[in-house]
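S.K.: Here it is, the structure, as structure tokens.
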Amino acid sequence: MSKALKILFVASEALPLVKTGGLGDVAGSLPAALKALRHDVRIIMPAYREAMRKAEKLAFASFKMEGIPETVRLLEGRLPGTRVKLLLVDSPSHFDRPGGPYADPLGHDWADNPDRFALFARVAVAVATNHAELDWQPDIVHGNDWQSGLVPALLSLYPKRPATVFTIHNLAYQGHFAPETFEHLHLPHELWGIHGLEFHGGLSFIKGGLSFADMISTVSPTYAKEIQTPAYGCGLEGLLNHRKDRLKGILNGVDYNHWNPAKDSYICANYDHRSLVKKALNKAALQKEFGLPVSAQAPLLGLVGRLVEQKGIDLILGILPRLVELGAQVALIGSGEKHFEEALTELAAIYPNHIATFIGYDEPKAHRIEAGADMFLMPSRFEPCGLNQIYSLRYGTIPIVRHTGGLADTVVDLNKETQSNGKATGIHFQHSTLEGLLWATERAIHLYRNEPELWRTMMVTGMQQDFSWKKSAREYVQLYQQALIQRDASTTP
Ligand code: ADP
């Protein structure tokens with residue numbers, strides 16, 4: 001094994017303390033997976049009210065950090081459920097308030113977000129440069145999304161500094177603020193400019209990560225390529241293309257302790273690839289739970305997710321009447337934009353024997369859809385990584401996915417070659433159109449009805465895929481090693 005690294009993981013959310021999206025999942029799992037590979041990882045996060053309530057046994061770790069007001073403290077504990085050291089940045093005026101990590105209880109972004117995350121970044125930099133009385137200096141500082149974007153930028157000004165890595169979980173959120181914010185935050189002038197934090201005349205936090213980190217990553221190899229194009233780059237494609245030699249895609253892992261049909265306590269009959277007959281019991285139970293006619297023959301399609309345009313919900317709505325004509329059933333759970341929720345509920349009322357919806361967030365139900373459905377729909381317009389299709393593979397539920405981002409990287413499309421070498425695990429379609437989704441779904445239903453052996457082979461192959469964190473954590477370690485090499489190349493006189 002290579003030398004153990006000291007890693008400071010900078011995250012604005014981490015399960016089980018706070019989660020709003022994919023970053024929360026990753027920050028809750030990757031540090032523990034790195035620790036299991038014997039690296040010394042500490043995670044630093046703001047001490048939000050919610051995090052303080054859920055964190056256990058916190059102790060004061062530091063009262064004095066260089067360049068930080070005296071009202072700010074650093075608290076130390078463990079990320080619950082792991083042995084990973086947790087550092088919480090305790091500044092009550094910034095973080096002790098009701099609501100979410102980025103927005104108030106009504107969903108409006110906090111007006112002082114630039115101040116909050118500039119302070120967070122400055123404390124992370126004090127820790128990273130061993131100016132926080134912790135007697136610990138990391139080799140690697142790993143920032144995530146715009147909230148930690150200033151960390152690589154500020155660290156770039158230190159002649160002796162740790163190597164920096166920055167991961168994009170969601171490029172759509174960039175931390176873009178008015179130009180005056182730069183002065184207001186007293187950021188060093190050398191960081192301004194189009195090669196620095198300036199973006200279309202304003203201040204961009206995410207550019208701090210994208211322009212200054214020694215290495216950049218995002219959560220799948222295909223998405224890493226896509227974000228270098230105007231269609232997916234959210235205006236940052238030029239910069240990402242310029243830095244493409246530093247940009248890698250590393251798939252998120254999934255937690256197979258939690259998503260495993262052989263042990264899942266939310267489902268009525270546990271099964272694995274050797275006992276697939278038991279999946280039929282879960283199908284019947286799901287049909288009952290969702291008020292659909294119990295039928296072993298009817299193809300049952302599942303969907304779990306946010307009901308937003310990104311996920312192609314408009315396309316789903318467009319093909320539902322045709323699926324009804326084909327005699328298929330659809331069980332769907334999700335919440336999101338009101339008009340999607342209403343349109344789906346209406347269709348379920350029109351076709352009660354074919355379409356069943358549950359509007360809301362319900363994790364046990366999500367597990368039962370994965371276990372009971374025959375196929376799983378994921379027609380996303382873009383998908384940095386995606387988790388549900390990976391769960392579907394393990395549950396023997398054939399994913400029907402748009403060929404984009406992590407969907408393209410985790411599901412192997414059925415074609416002549418993958419059929420003959422037995423590698424196929426699902427069905428892809430190329431374009432975000434009704435025709436595309438309908439073509440793929442009709443194809444899947446046809447195979448389900450007429451090619452049972454091929455179908456079964458695809459199920460078994462999917463169930464044997466390994467998307468665990470251990471594998472991804474090893475790739476992050478390689479990325480860290482590349483970052484150290486780049487750091488040395490850029491700081492050697
Ligand atoms: P995204 O992060 O873009 O929402 P992912 O597929 O990466 O999409 O992850 C979504 C996660 O949230 C999955 O674990 C999924 O099961 C869960 N999820 C989404 N909506 C719901 C819901 N309504 N009920 C239960 N779980 C949900």
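The values are calculated or read from the model by the stated rules, or taken from the named source; none is laboratory data. Bear in mind that the values here come from a model prediction, so they are computed numbers and not experimental data. Methodologically, a virtual Cβ is constructed for each residue, glycine included, from the backbone with ideal geometry; neighbour enumeration extends over all protein chains shown. Surface accessibility is based on the protein's heavy atoms, side chains included, excluding ligands, DNA and RNA. Shrake-Rupley method; radii C 1.70, N 1.55, O 1.52, S 1.80 Å.
S.K.: Add +1 for every Lys or Arg and -1 for every Asp or Glu among the other residues with Cβ under 13 Å from the Cβ of L58, and state the total.
M.R.: Charge balance near L58 sits at +3.
S.K.: Peptides 48-56, 185-193: what's the order by average Cβ count within 10 Å, highest mean first? List each step's numbers first, then the result.
M.R.: Working: 48-56: 16.7, 185-193: 14.2.
In descending order of packing, they fall as 48-56, 185-193.
S.K.: Let me ask another. Of L434, M463, A373, which is farthest along the charge dipole of segment 276-463 in the positive direction, counting Lys and Arg as +1 and Asp and Glu as -1 at C-beta?
M.R.: M463
S.K.: Separate question: In the neighborhood of M215, defined by Cβ-to-Cβ distances under 10 Å, what is the net charge if each Lys or Arg adds +1 and each Asp or Glu adds -1?
M.R.: Working: positive: R243, R246, K248, R487; negative: D214, D245.
Around M215, the surrounding residues sum to +2.
S.K.: Putting +1 on Lys and Arg Cβ atoms and -1 on Asp and Glu Cβ atoms, find which of L317, A284, Q389 reaches farthest to the positive end of the dipole of segment 276-463.
M.R.: Of the options given, the answer is A284.
S.K.: At 222 nm, what helix-only mean residue ellipticity would the chain give, in deg cm²/dmol to the nearest 500, using -39500 (n - 2.57) for each DSSP H run of four or more?
M.R.: It lands at -11000 deg cm²/dmol.
S.K.: Suppose R0 equals 35 Å; then what is the FRET efficiency for N260 and R306 from their Cβ-Cβ distance, rounded to the nearest 0.05?
M.R.: It comes to 0.90.
S.K.: Then there's this: What's the ranking of 62-68, 476-482 by average number of surrounding C-beta atoms within 10 Å, highest first?
M.R.: Going by the mean number of other Cβ atoms within 10 Å, highest first, we get 476-482, 62-68.
S.K.: For T345 and D115, FRET efficiency with R0 = 45 Å and r from the beta-carbon atoms, rounded to 0.05?
M.R.: Using R0 = 45 Å, I get an efficiency of 0.60.
S.K.: In addition: Can you compute log10 of I(q)/I(0) for segment 276-463 with the Debye formula, treating each Cα as one identical point scatterer, at q = 0.09 Å⁻¹?
M.R.: Debye output, listed in q order: -0.27.
S.K.: Right, here's the next one. Rounded to the nearest 20 debye, what is the charge dipole size of the chain about its Cα centre when +1 sits on each Lys and Arg Cβ and -1 on each Asp and Glu Cβ?
M.R.: So the magnitude is around 1580 debye.
S.K.: Express the carbon and sulfur contribution to the solvent-accessible surface of the chain as a percent, rounded to the nearest whole number, probe 1.4 angstrom.
M.R.: 53
S.K.: Right, something else. Kindly report the accessible area of the chain per residue (heavy atoms of protein chains, probe 1.4 Å, no ligands, DNA or RNA), in Å². Walk me through the intermediate numbers first.
M.R.: On the way: 20700 Å² over 493 residues.
Ligands and nucleic acids excluded, the figure is 42 Å² per residue.
S.K.: Looking at G405, I359, H446, which one has the Cα that reaches farthest to the positive end of the dipole of segment 276-463 (charges on Cβ: Lys, Arg +1; Asp, Glu -1)?
M.R.: Farthest along the dipole direction, towards plus: H446.
S.K.: Right, here's the next one. Percent antiparallel among DSSP beta bridges with both residues in the chain, to the nearest 5?
M.R.: 25
S.K.: What FRET efficiency, computed as 1/(1 + (r/R0)^6) with R0 = 22 Å and r the Cβ-Cβ distance, is obtained for A231 and W439, rounded to the nearest 0.05?
M.R.: Step by step, r from the Cβ atoms, then E = 0.55.
S.K.: Expressed in nm to one decimal, what extension gain is obtained for the pair R456 and Y361 from 0.36 nm per residue of sequence separation less their Cα-Cα distance?
M.R.: 31.1 nm
S.K.: Can you work out D for segment 259-303 in µm² s⁻¹ from Stokes-Einstein, where Rh is the Kirkwood radius over C-alpha pairs, the temperature is 37 °C and the viscosity is 0.692 mPa s?
M.R.: On the way: Rh = 11.1 Å.
D, rounded to a whole number, is 295 µm²/s.
S.K.: D96: net charge of surrounding residues, Cβ under 15 Å, Lys/Arg +1, Asp/Glu -1, itself excluded? Please report the intermediate quantities before stating the final value.
M.R.: Details: positive: R49, R53, K54, R73, R97, R116; negative: E50, D90, D104, D112, D115.
Residues near D96 contribute +1 overall.
S.K.: Over 26 Å between Cα atoms, which of K54/K225; K19/K311; K338/K365; K85/K160 qualify?
M.R.: In this structure, K54/K225 lie more than 26 Å apart at Cα.
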